[in-house]
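Everything on this sheet refers to the single structure shown next.
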Amino acid sequence: MNEELQDYLSHLIPETPGWAVELETQAKADHVPIMDCLSMQLVMQLIRLHQPRRILEVGTAIGYSALRMLEANPNASIVTIELDNARYQQAVQNIKKLKKDSQIKVIHGDALEIIPALATAGEVFDCIFIDAAKGQYQRFFEAADPMLASGGMLISDNVLFRGYVANPELENKRFKTVIQRLRAYNKQLFNHSAYTSTIIPIGDGVAISYKNNQEGVDQA
Ligand code: SAH
Ligand code: MG
């Protein structure tokens with residue numbers, strides 16, 4: 001998205017709550033890659049419209065996006081997974097301070113191990129938000145897919161990764177594998193028979209996938 005448009009859109013957003021501004025400042029100071037304001041607004045709007053009761057988040061960082069998703073649907077309960085110990089501790093602290101610890105459960109560990117454990121335990125979610133290591137999206141997806149109810153929503157952040165994913169000329173040696181993997185991820189999402197997907201090119205690119213209602217598919 002060009003800078004002018006991004007500027008215009010971000011200035012339309014009314015005042016952010018003080019606690020969220022504080023977390024944005026904290027993230028900036030520690031170089032934690034939390035969602036940018038436009039992507040965050042989009043995810044919050046999807047949550048308002050979809051009203052998921054149970055949300056699984058992969059990649060907590062300091063708890064910012066989990067807390068904002070809860071702001072968008074105060075009735076939700078969220079399970080969120082973070083690998084990094086310092087960030088996990090920070091998230092737990094932030095969530096506790098805002099008294100949301102009864103609704104947001106932070107799990108410390110590798111999502112590649114935690115997600116299958118949740119699936120084995122019979123957990124079910126109506127929204128899954130993937131925002132962690134970009135090279136692993138396919139694996140997160142495969143592990144989490146069985147837990148997403150039909151009619152549920154899968155949101156994947158960073159699927160256009162700085163524009164590299166859509167533009168072969170921007171190809172970058174350092175990120176070659178990540179870019180190739182994201183391309184493969186997007187392709188399989190769009191071709192997956194159980195999902196209908198769309199990508200919104202704001203922020204780093206947000207994919208929105210709807211898990212088709214099986215009855216609807218059968219009737220078609
Ligand atoms: N969703 C957050 C930002 C997450 S940044 C927000 O917008 O507020 C991505 C996070 O994913 C990082 O903190 C990183 O430590 C974590 N991460 C990366 N790989 C992971 C994995 N395999 N399991 C769990 N967390 C992981
Ligand atoms: Mg992200």
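Where a number appears in this text, it was derived from the coordinates with a stated rule and is not lab data. Computed from a predicted structure; not experimentally measured. Here the Cβ positions follow ideal geometry from the backbone for every residue, glycine too, while neighbour counts run over all protein chains shown.
Brief remarks on what is shown
- A simple rule links phi to the HN-Hα coupling: the Karplus curve 6.51 cos²θ - 1.76 cosθ + 1.60 with θ = phi - 60°, which for region 151-164 gives x, x, 10, 10, 10, 10, 8, 6, 6, 9, 5, 6, x, 4 Hz, with x for Gly and Pro.
- Computed over the chain: relative contact order in percent, which uses C-alpha pairs under 8 Å that are six or more apart: 17 percent
- Placed amide H near Lys105: partners under 5 Å, 5+ positions off or other chain: Ile78, Val79, Thr80
- Partners of Lys211 within straight-line reach, counting lysines whose Cα lies under 17 Å from its Cα and excluding those fewer than 8 residues away in the same chain: Lys187.
- The residues neighbouring Val206, those whose beta-carbon lies less than 11 Å from its own, together hold a net charge of -4 under the Lys/Arg +1, Asp/Glu -1 convention.
- Selection from Val159, Phe129, Ser102 lying farthest towards where the dipole of the chain points positive, charges on Cβ: Ser102
- Among the trypsin sites (Lys or Arg not before Pro) in region 64-153, those located in a DSSP loop and surrounded by at most 13 other Cβ atoms within 10 Å of their own Cβ are Lys99.
- Note, ³J(HN,Hα) from phi for region 102-116, Karplus 6.51, -1.76, 1.60, rounded to Hz, x at Gly and Pro: 7, 10, 10, 9, 9, 10, 8, x, 7, 4, 5, 9, 5, 4, x
- Sparse-neighbourhood loop sites, GluC sites (Glu not before Pro) in region 12-92 - DSSP loop, at most 11 other Cβ within 10 angstrom: Glu15
- Only Lys, Arg, Asp and Glu carry charge here, each on its Cβ (+1 for the first two, -1 for the last two); on that basis region 3-219 has a dipole of about 320 debye about its Cα centre.
- Shape of the chain, Cα gyration tensor, a/c cut at 1.5: rounded
- Residue by residue, region 84-97 carries 3J(HN,Hα) couplings of 6, 5, 4, 5, 4, 4, 4, 5, 4, 5, 4, 5, 5, 4 Hz when phi is fed to the Karplus relation 6.51 cos²θ - 1.76 cosθ + 1.60 (θ = phi - 60°); x denotes Gly or Pro.
- With Cα atoms defining each centre, region 95-156 and region 1-79 are spaced 17 Å apart in the structure.
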